[in-house]
1. Gaussian network model of chain B, Cα springs within a sub-10 Å range: biggest mean-square fluctuation belongs to which of B:THR135, B:THR148, B:THR124?
2. Just the number, please: carbon plus sulfur as a percent of the accessible area of chain B, 1.4 Å probe, no ligands or DNA/RNA counted.
3. Percent of Cα-Cα pairs per 5 Å bin, from 0 to the last occupied bin, for region A:125-246, please list those.
4. Which whole-angstrom value gives the distance between the alpha carbon centres of region A:402-430 and region B:306-322?
5. Given a 10 angstrom Cα cut-off, can you work out which residue in B:PRO152, B:PRO246, B:PRO59 is the most mobile in a GNM of chain B?
6. How far is helix A:56-65 tilted, in degrees, relative to the longest principal axis of the Cα atoms in chain A, given as a value from 0 to 90 rounded to the nearest 10?
7. Could you order peptides B:172-184, A:354-366, B:111-123 by the average number of other Cβ atoms within 10 Å of their residues, highest first?
8. For region B:77-121, taking Cα atoms only, what is the radius of gyration to one decimal and the Dmax to the nearest whole Å?
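The values are calculated or read from the model by the stated rules, or taken from the named source; none is laboratory data. All figures in this text were calculated on a predicted structure; none of them were measured in a lab. For neighbour counting, all protein chains shown are included, and Cβ atoms are generated from backbone atoms with ideal geometry for every residue, glycine included. These area figures cover heavy atoms from the full protein model, side chains too; ligands, DNA and RNA do not enter into them. Shrake-Rupley method; radii C 1.70, N 1.55, O 1.52, S 1.80 Å.
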Amino acid sequence: MRRLVSLALAAVVAVPVAAHSANLVTRTDGFPDGGKLVYGEYGRPATLDPVTSNDMVGLRLTELMFNGLVSFSPKNEVVSDLAEKWEISPDNRTYKFKLRAGITWQNRMGLTDKPATADDILGTLDVIRHPKTLTPLKAQYELVSDYRKIDNQTLEITLKRPIVNALGRLSFKAIPTFVLKRPDFLGRDDSFVQNPIGTGAFQLMQTSEGGDVVMDVNPGYHKGRAHLDRITMKPFADKNVMTQAMLFNALDMIVELNPRDIAQVEGDKRFNLYPYNALSYVFFGHNARNEHLKKKEVRQAIAYAINRQEMLDSFYAGRGTLISGPFAPGSWAYNLDVKPLPFDPGKAKELLKAAGYSVTGGDGFLQTESGKPLAFTLKIPIEKENETIKRVVLVFQNYLKAVGIKVDLEFREWQAWKTDVFVDHDFDIVIATWAFDDSADISTLFHSGETGAWRNNFVGYSNPDVDGLIVEAKTTLDREKQRTINQRLHQVLAQEQPYTFLWTLTNYAAVQKKVRHVELHPFRFFTFADTWYIAKKDQ
Amino acid sequence: MAVPGGIKDRRAVRRERPAASPGRRVARALVRETARTAALLVGVTLAMFLLLARAPGNPAAMYVNVTDLTAEELAAVNHELGLDRSLPVRYVVWVGRMVRGDLGHSLRSGRPVTRELWQTGWRTLLLTGSAMLLTLAFGALTAYLQATRRHPTIAGALGTFAYVISALPVFWLGYLVIYIFTTRLGVFPLMSSGEAATHWGFFLLPVLVLGLGNGTLSEITRHLRAHLEGVLQEDYIRTARAKGAPLLRHLYKDGFVMPLSSVLANKLPYVLGGAIVVEQVFNWAGMGRLVWQAAADRDYPILMGVTLASALIVRAGHAVKEAAQVAANPQLAE
């Protein structure tokens, strides 16, 4: 009943707006308007606003409902969004943005054609930087030293020091701070976090008790009305059931298909699969504080002992790419000349022998002459439903057994695992995943100054050469020079093997064929959803 | 073969002393239950609180990337979340608010815990309540048929079914049922796209799975049968039979109300536990999913709220048992 009421209200509000807004932008692509899209996600978002949101489900939703000063093209180049154009000062520190004319906040909760101004953009920065706002964005905007409004349409942001790709980092999404409970910060007790207003192509209509997030098209969107009338996100607690739901036509799309369902959906004529890079990589991390693992030869032997291609092929149907270093393959920092170490158990045994493990103990595993066994504990985080990781670690155990290294497996609940690894450093080997970053900044991963509690160099890797390269890469502004340094870093780390780098996986979105012109951004996903459409006959 | 002792005696006593004002006795029993419940709640919540405090992990990870922060920044976040205060202070503050009906706000969503509990709790109650009724109905029917030996074939089949289904893990049964009834036969909708949770077909499958597959069915059937067989050998039943009086009318109090109400109270926690799994499999937006998410996030206020609510539900089951038994036999209120 309540649902009907809210829809009726929306209709009442929307009609006069359409009549009064003279400067509505219309699209010229000729695609039809109308149709609804229902998509499935694994898990529910904690919050729906772009400031406090800290999970992928929520971040994808904010991409539909909000905009930043700048956005990204399908090739991940920075393009204009709320800002029409910008000027960069000669010292590369000051960015002057000119906002697009006619941008309004969505007509919800009493707002009617309220323009989005420079005050709102800077207010959002204030909120992000306020100590009482708990947001993952804060660290990112520490690089901002100053900002000011020039007029309602113009603003200026000054950085502490020039950095590469600063523009891309200024893509934070604007919120109307004047509607917040307290205009200077945003806490989760503010109803805005569940019921936000943005400038985006779609506006929130309601969140059902079951967690469905219903968004309707924003007729006053500054890039023109999106084609779809409505997008609904349905949360699932089980990936198998989610795939079933799509096969029963209860869903039009799944953002990230369960790897083991890919083959089935691929064979189904109703769906298109859209691959996108997972932008993360899987690795075995070796604790350099361990007396065996601090030897480079042991780490190299581990890499030679395992057949990564075979693991990728049999567990992920080959849907991914082996990597040799800590960058995204295909990114500007990745060094294609460095090949992943090949599968060569003989070489592994030689290396271990050279490292002083020449005696085979009674249990068949290697040990030092003084009788210290070559045995490790592998700690595995129990993440949501990750069955495949279990197979990976079992095979890893077998590969290492074949060259004489003993590995015990220990599964730990996710938060307990994090405490063990990041705080207590109580592990020998871990299996983990890092998400790539636009900036290809790996300084916190391998710098010797980052080995404390909750720091990213949890393996305790320390190498003066690597430290030097990292500092050099961080301080240069020349992209070419940075590329050279990163490629050098890649080469060194591939030799040093602080991690056994495994692979980066390909994700697949499954979409009903009736949805057309589907273009995806690798991790923002919905950036181009305003151009998706459903043909009239399929609506 | 456990034959409940003293039934004959109690009934004899009752006949001698006519039961005066059974309503007042029920009320007295309820008051006693309430006092017990209060004591239990303090114990359960305190235990949960200490357990959470000792568990690794930090809810701050829900808000920020902990590895991006310096120690001071992390301390500031913990201060914002109220996690820097000492344990006794936090517990006392929690109890103080709880007494006034305020369970705090979810660290994850920012919504009031009481609202989250209502929104998900009624669904869980609906699921567990219906499932419990189904369990009891099935158990009672099977036990009755077995004890009276009237339809040995049906009784045998039902008994075997109870044994087999109790041995199956409930999550597996869930997938199996979805596969058979939805994927293969298409009898039930997996979910309709709009109002999935209110569709009767969507409701029926999880109740069937939880009601029959919660693992207590065979135990309950055996317990009831043993009890019924005992009661059937009582003199007054033999007399009733000899007179040709309807058996069930004489049997229902001692044969059904008594054992069924104690089974209800004893098995409710198991069914609640099973509900967590069934809610996952059927995408049922109930308390089970809430607590699962909250445990992964270390969402302390939600976990405390769910603990409290579950303890209350279990105690409510006990209260129903006491009330039913006292109503059936006011002597028990003494």
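1. Ranking B:THR135, B:THR148, B:THR124 by mean-square fluctuation puts B:THR148 first.
2. Percent of accessible area from carbon and sulfur atoms in chain B: 65.
3. Per 5 Å bin, starting at 0, the Cα pair percentages come out as 2, 9, 13, 16, 17, 17, 13, 8, 4, 2, 0.
4. 40
5. For chain B, modelled as a Gaussian network with Cα springs under 10 Å, the answer is B:PRO246.
6. With rounding to tens, the tilt is 30 degrees.
7. B:111-123, B:172-184, A:354-366
8. Spelled out, the Cα radius of gyration and Dmax of region B:77-121 are 11.6, 31 Å.
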